[in-house]
Amino acid sequence: MSDLKVDLSVVLKKKDNVVIVVMIIAGLFISRNIYQEQLLKSNAMREQIVSESEKSKTIEQIVALNEKNKNLKKGSWDTVDANAIIDNIYKIGLESDIKIKNISPFDKQDEREYTLIPFSITCESSYKNLILFCKKLETYPKQIRIKGVEAAPVGSGPGRSVLLRLNIIVEAVYLK
């Protein structure tokens with residue numbers, strides 16, 4: 001028992017050191033728990049940052065697609081009214097110096113995102129004016145495309161030009 005008293009007396013003499021060691025050990029346990037909590041929070045924040053970054057990229061892609069769609073709609077016809085489109089085609093024909101005899105619309109082809117409005121144009125023209133007319137149709141600010149051209153000579157025009165009877169199929173595009 002005297003050995004125990006000696007050991008206890010040594011401990012009591014060094015009690016400041018023992019308290020410091022106990023406090024260090026307690027501090028290590030507390031700091032370990034705090035570190036683990038902070039590590040979990042840090043990992044959760046990293047995952048949230050990655051998720052938000054992916055959302056941001058997706059939103060940027062949506063905005064870019066909306067902008068592209070808006071630009072495409074600018075080139076689209078703003079109406080499905082065949083008469084308004086016929087008026088524009090007729091004006092292009094006058095500018096190209098071709099003699100339009102008839103412009104007839106076909107049944108509209110209604111798709112999910114657009115409507116195609118086909119027309120048959122019957123006219124007479126020289127080769128040169130036909131090329132000019134086709135070029136003006138293809139470069140017109142509104143979307144119109146030539147689907148087919150049937151030509152047959154009907155005689156000669158002014159000078160040495162050949163006069164053609166034409167049947168041209170075109171489609172106007174209306175984006176919804």
Do we find a residue being farther than 30 Å from ASP110 by Cα, touching a helix residue (DSSP H, G or I) at 6+ places or on another chain (Cβ under 8 Å) and at pLDDT below 90 anywhere in the range 59-77? no
Go through (1) at pLDDT 90 or above; (2) over 30 Å from ASN167 (Cβ atoms) and name the single condition ILE20 misses. (1)
Looking at (1) small (Gly, Ala, Ser); (2) within 16 Å of LYS176 (Cα to Cα); (3) free of Cβ contacts under 8 Å to residues at least 60 places away in the same chain, can you tell me which one SER42 breaks? (2)
Residue that is within 20 Å of the chain's Cα centre (by Cα) and either polar (S, T, N, Q) or on the phi > 0 side of the Ramachandran plot (or both), where the choices are ASN33, ASN83, ASN71: ASN71
Of all residues in the range 144-167 being of a type in the set (D, E, K, R) and surrounded by 11 or more Cβ atoms within 10 Å (Cβ to Cβ), which is modelled with the lowest pLDDT? ARG145
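Restricting to the range 127-170, give me the number of residues that are of a type in the set (Asp, Glu) and over 15 Å from ILE92 (Cα atoms). Break it down into steps so the answer makes sense when it comes.
Quick first cut of the range 127-170, residues of a type in the set (Asp, Glu) only: 138, 150.
Add one more test, that the residue is over 15 Å from ILE92 (Cα atoms), and what stays is 150.
Within the range 127-170, residues that are of a type in the set (Asp, Glu) and over 15 Å from ILE92 (Cα atoms) number 1.
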Any idea which of LYS142, LYS136 is touching a residue at least 60 places away in the same chain (Cβ under 8 Å), assigned by TED's automatic domain parsing to the domain that holds GLY93 and either under 25 Å from THR79 (Cα atoms) or of a type in the set (Gly, Ala, Ser) (or both)? LYS142
Taking the range 94-131 only, how many residues are assigned to a loop (DSSP other than H, G, I, E, B), surrounded by fewer than 20 Cβ atoms within 10 Å (Cβ to Cβ) and either touching a residue at least 40 places away in the same chain (Cβ under 8 Å) or of a type in the set (Lys, Arg) (or both)? 3
For the range 47-54, does any single residue satisfy the condition of being under 20 Å from the mean Cα position of the chain (by Cα), outside the structural domain of GLY155 (by TED's automatic domain parsing) and in a helix (DSSP H, G or I)? yes
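The values are calculated or read from the model by the stated rules, or taken from the named source; none is laboratory data. The structure displayed is predicted, hence computed values, not measured ones. When we count neighbours, we look across all protein chains shown, and the Cβ atoms used for this are built from the backbone with ideal geometry, even at glycine.
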